[in-house]
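Asks: Below you will find the structure I want to go over with you.
Read-outs throughout are calculated quantities, based only on the coordinates presented, and are distinct from any laboratory measurement. This is a predicted model, so every value here is computed, not measured.
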Amino acid sequence: MKVGFIGCGNMATAIIKGIVESKALSCDDIFVFDVDSEKTKICSEQFGVKISSDEKELILSVDAVVLAIKPIGFQTLLPNIGKTLKEKNPLIISIAAGKTLDFIASFLLYDASIVRVMPNINAKVGQAMSAYCDNGSITNEQENLINAMFSSVGRVMKLDEQYFPLFGVVAGSAPAFAYMFIDSLARAAVKNGMNKQVALEIAAQTVYGSAKLIMDGDEHPWELIDQVCSPGGTTIEGITSLQSDGFESAICRAVDCAVDKDKKI
């Protein structure tokens with residue numbers, strides 16, 4: 001299948017990189033267009049993908065169209081390309097935050113096959129957590145395409161759309177929480193006399209390895225915590241300090257605040 005990307009921003013570029021490097025699709029089967037022609041040119045030079053002169057030419061060249069523009073642009077873009085979409089009837093894939101399947105469908109003049117996908121920033125290193133939902137009109141081949149595309153930049157799961165706002169916080173916002181934890185851990189090491197770059201490397205690898213142990217194993221996080229905590233040792237001292245300072249409740253409050261903000265946007 002041929003896939004076209006309308007928009008060549010950071011997320012689209014990360015996805016294209018993953019698709020090409022994993023050989024989920026050939027670069028000859030990927031088409032790109034961006035109103036910023038420099039972005040299109042750079043993407044083509046880096047990954048060997050084909051450039052389309054405009055959105056309509058791109059749509060007519062592909063079997064699936066990825067809408068990779070900022071959410072605010074949908075109300076202008078969709079009416080402009082609606083007739084061409086109806087003519088070609090490609091799979092429509094949106095990676096825009098906050099734009100529901102019904103919102104996208106409301107701008108179209110026909111019953112389109114629509115998929116909404118939410119990747120996260122870690123797609124830049126092929127370790128994203130992505131979720132997708134669809135409007136019930138996609139084929140098995142189209143669903144296989146979605147899984148192939150987004151598994152090329154990490155893990156992907158099908159998720160009911162009602163959970164997308166929460167997913168957007170746990171997978172979309174939480175990387176920033178994790179970065180903050182890593183930086184705080186490194187700064188604490190600096191306070192105790194360690195070089196910052198050395199401390200960052202140690203902290204980042206420790207978090208990465210800890211996450212991998214949970215993903216690849218079948219032990220609950222608290223089981224692993226118990227394995228690290230020796231009686232009367234340093235780790236249990238740190239754990240009880242985190243608990244007394246409200247570490248767990250602070251994370252819960254951060255998620256609640258982000259979810260509440262999402263409802264107001």
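Asks: Please report, to two decimal places, log10 I(q)/I(0) for the range 187-234 at q = 0.18, 0.19, 0.20, 0.25 Å⁻¹ as given by the Debye formula with identical point scatterers on the Cα atoms and no solvent.
Replies: For the range 187-234 at q = 0.18, 0.19, 0.20, 0.25 Å⁻¹, log10 I(q)/I(0) is -0.73, -0.78, -0.82, -0.92.
Asks: Can you bin every Cα-Cα distance in the range 44-181 into 5 Å intervals starting at zero and give me the percent of pairs per bin, rounded to whole numbers?
Replies: 2, 9, 18, 22, 21, 15, 9, 3, 1, 0
Asks: For the range 1-70, count the residues as N, evaluate 2.2 N^0.38 Å, and divide the Cα radius of gyration by that value, please.
Replies: My calculation over the Cα atoms of the range 1-70 gives 0.94.
Asks: Grab every C-alpha pair in the range 201-265, bin the distances at 5 angstrom width from 0 up to the longest one, and report whole percents.
Replies: Over the range 201-265, the share of Cα pairs per 5 Å bin runs 3, 14, 14, 20, 23, 13, 8, 4, 1, 0 percent.
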